[in-house]
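Heads up, the thing below is written out as C-alpha cells.
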Amino acid sequence: MSRLAMTFRQLRQQGRKALIPYVTAGYPGVDITPALMHVLVEAGADVIELGVPFSDPSADGPTIQAASEYALRQGIGLPQVLDQVQRFRESDTTTPVVLMGYANPIERYDMLRQPGAFAADAAAAGVDGVLVVDYPPEVSGRLGAQLRRHDIELIFLLAPTSTERRIRQVAECAGGYVYCVAVNGITGTQALDLVQVRDTLARIRRHVHTPVGVGFGVRDASTARAVAKVADAVVIGSWLIERLAEKPAAEALAAASNLIREVRHQLDLDAPESGPDHLSKPEPSEPQDPSHV
C-alpha cells in the first residue's frame, strides 16, 4: 500500500482529516526545506505538498509567485527539489510527499536526460505524488504511465467550474487524492465560500471515490475546521507562506510550527476520542524497501 493510501486509511479509521501544508522548495531560505518539512510533520501535518519553483506559475497568486521567484534566484530547480526530498527521507520514511508544480520543469528535466527520467528520479528520492497544474487528464497520459511504473500517484485539480464530464475524466485516472480548488481564481487572493465548497464536493463525490482535499482560500484555523467537516483533507498554502516571509530560519521554522499546530488542534476538535493512540502518526504496515524511500 502506498504512503498516501496508508495515511488516508489510518486517518479515516481515527475519524480525523488530513492536514496538508504547501511550501515552496527553497523558501524562505535555500537550505531550509528539509528542516521545514520535518517541523511541519512534528506540528501535525499528514502530507507535505512541496512546490517546484517556476517562472510563470499561472495558478498562483502574489504570495506563492514571490516565493517561487525567490527560490529560482537562489538556484532552486527540479534537481534541487528532488535532492531536498531525498534529504527529508533520510529520517522520515512514512510521511507522504507530493510535488506540486507545472509541466515545463518536468518536460525540461526529461529533455536534458531521457524520457521518464523525472519519474524514476522522483521515485528514487521518495516522492509519493505529483500534481501538475497545467496537465489536465487528456494530456497527462504519458506522464501518468511513467509515474505508475514507479508507484507514484498523479493528482488532479477540480474546481467549482468543472463540468460533469471533467469530473468523470478525473475520476477515471485520479490517484492519491483529488485537489478541489475552493475558489474561482488564483491562490491566496479570495476567501472561500463554504456553501460553494459543499456543493462542489457533492458533485465531485458522485463520481470520485478517492479522498478529496480542499485548498485555495483557507486563511484561518476556523475556516480550516469548517472545510474539514465536509472534506477529507485541508490544504494550507499562501497563508503559511505569508507567515514565513522575510524571516530568518529559526523564526520561520517556529512560525510554521505554530500555524500548523493551531490548525491541527482545530481539526482534531471534531475527531472522536479513541484513547492514547488517537493522535498517532501513520506507521508503515511492513518494512520499507530502502530503494523506494
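Quick notes
- FRET efficiency for Asp31 and Asp134, using Cβ-Cβ distance with R0 set to 35 Å, rounded to 0.05: 0.75
- Sequence of Leu192, Leu19 once ranked by neighbouring C-beta atoms within 10 Å, starting from the fewest: Leu192, Leu19
- Length gained on full extension, Thr93 to Ala250, computed as 0.36 nm times the residue gap minus the Cα-Cα distance: 54.1 nm.
- Gain on full stretching of the segment that runs from Gln86 to His150 - 0.36 nm per residue minus C-alpha separation: 21.5 nm
- Taking 7 Å steps out from each Cα toward its Cβ at Glu172 and Asn104 produces label points 3.0 nm apart.
- Chain lengthening between Asp270 and Leu194 when straightened (0.36 nm per residue, less Cα-Cα): 25.6 nm
- Calculated FRET efficiency for the pair Asn258/Arg73, C-beta based, R₀ 35 Å, to 0.05: 0.80
- Here the chain is treated with +1 on each Lys and Arg Cβ and -1 on each Asp and Glu Cβ, and its dipole about the Cα centre works out to around 680 debye.
- Label-to-label distance, His209 versus Arg113, with points set 7 angstrom from Cα along the beta-carbon direction: 3.4 nm.
Read the figures in this text as sums done on the coordinates, not as results from a lab. All values reported here derive from a predicted model rather than from experimental measurement. Cβ: placed from backbone, ideal geometry, glycine included. Neighbour counts: every protein chain shown.
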